[in-house]
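Participant: Got a structure here, written out as structure tokens. Questions coming.
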Amino acid sequence: MSLGDKLLDLRKKAGLSQEDVADRLEVSRQTVSKWETDQTVPELIKVKLLSQLYNVSYDYLISGSNLSGDITSIEMIVDEIDWTSAWSKKYPILATYQGIEGIQPYCQQICNFYDHFKNMFNLNDEDTVLILKDMPFLYLRQ
């Protein structure tokens, strides 16, 4: 997959227009179009900004990877995303909580509880996270 194909695919998945991307990167819409059609290549600083915008690694964008549009490729892209960094933009505490003094023992306890809960109810990771995330709100509504 070419850089242009990757940029087009990522922009569409992000639900952004060429104009949206252009505004965020301070370039023209035509420039974004030329990147996506492989007529030109963005400057390295713009590639870095694109990787941050789409929450993918810089390496993913510049690598010569031949990812196709199948589900395996999508999973590989998802695995490239730094989710903590992505969500930290909306929830800044996610970028800083690990540095809170005394938090480490709680992290370990939560990991142990997570594993126990998942195994006890024979759940996959996604279902385990969703249930554990919802439980406090269910309790508070009672």
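Quick note: the coordinates plus some simple rules give every number you see, no bench work behind them. Not measured: the values here are computed from a predicted model. Methodologically, a virtual Cβ is constructed for each residue, glycine included, from the backbone with ideal geometry; neighbour enumeration extends over all protein chains shown.
Participant: Please turn the phi angles of the range 101-118 into ³J(HN,Hα) values with the Karplus equation 6.51 cos²θ - 1.76 cosθ + 1.60 (θ = phi - 60°), one per residue in order, whole Hz, x for glycine and proline.
Facilitator: Running phi through 6.51 cos²θ - 1.76 cosθ + 1.60 with θ = phi - 60° gives 5, x, 7, 3, x, 5, 4, 5, 4, 5, 4, 5, 4, 4, 4, 5, 4, 4 Hz.
Participant: Grab the Cα-Cα distance for D125 and Y58, subtract it from 0.36 nm times how many residues apart they are, and report the gain in nm with one decimal.
Facilitator: Roughly 21.4 nm would be gained on extension.
Participant: Under 8 Å for C-alpha pairs, at least 6 residues apart: give me the relative contact order for the chain, rounded to a whole percent.
Facilitator: Relative contact order comes out at 17 percent.
Participant: Report the residue, chosen from T128, T40, T84, that carries the largest GNM mean-square fluctuation when the chain is represented by alpha-carbon nodes joined by springs under 10 Å.
Facilitator: In the Gaussian network model the winner is T128.
Participant: Of T31, T37, how do they rank once you tally other Cβ atoms within 10 Å and put the fewest first?
Facilitator: Least crowded to most crowded, the residues run T37, T31.
Participant: According to a simple spin-label model (label point 7 Å from Cα along Cα-to-Cβ), what is the distance in nm between Q98 and M135?
Facilitator: Spacing of the two 7 Å Cα→Cβ label points: 2.4 nm.
Participant: Here's something else I'd like to know. For the chain, take the longest principal axis of its alpha carbons; what is the angle in degrees between that and the long axis of helix 3-14, to the nearest 10 within 0 to 90?
Facilitator: So the inclination is approximately 50 degrees.
Participant: Something else now. Farthest toward the dipole's positive end in the chain, which of A22, L10, N55, given Cβ charges of +1 (Lys, Arg) and -1 (Asp, Glu) about the Cα centre?
Facilitator: A22
Participant: Relative to the longest principal axis of the chain, what angle (0 to 90°, nearest 10) does the C-alpha long axis of helix 44-54 take?
Facilitator: 40
Participant: Further question: Any idea what angle helix 125-141 forms with the longest principal axis of the chain, computed on alpha-carbon atoms, 0 to 90 degrees, nearest 10?
Facilitator: It is inclined by approximately 60 degrees.
Participant: May I ask you to sort E126, E101, E36 by Cβ crowding, counting other Cβ atoms within 10 Å and putting the fewest first?
Facilitator: Ranking E126, E101, E36 by Cβ neighbours within 10 Å, fewest first, gives E101, E126, E36.
Participant: Could you put K13, K6, K48 in order, starting from the residue whose Cβ has the fewest other Cβ atoms within 10 Å?
Facilitator: By the 10 Å Cβ count, ascending: K13, K48, K6.
Participant: Grab the Cα-Cα distance for T37 and Y91, subtract it from 0.36 nm times how many residues apart they are, and report the gain in nm with one decimal.
Facilitator: Taking 0.36 nm per residue and subtracting the Cα distance, the gain is 16.0 nm.
Participant: Expressed in nm to one decimal, what extension gain is obtained for the pair N112 and D20 from 0.36 nm per residue of sequence separation less their Cα-Cα distance?
Facilitator: Result for the pair: 28.8 nm of gain on full extension.
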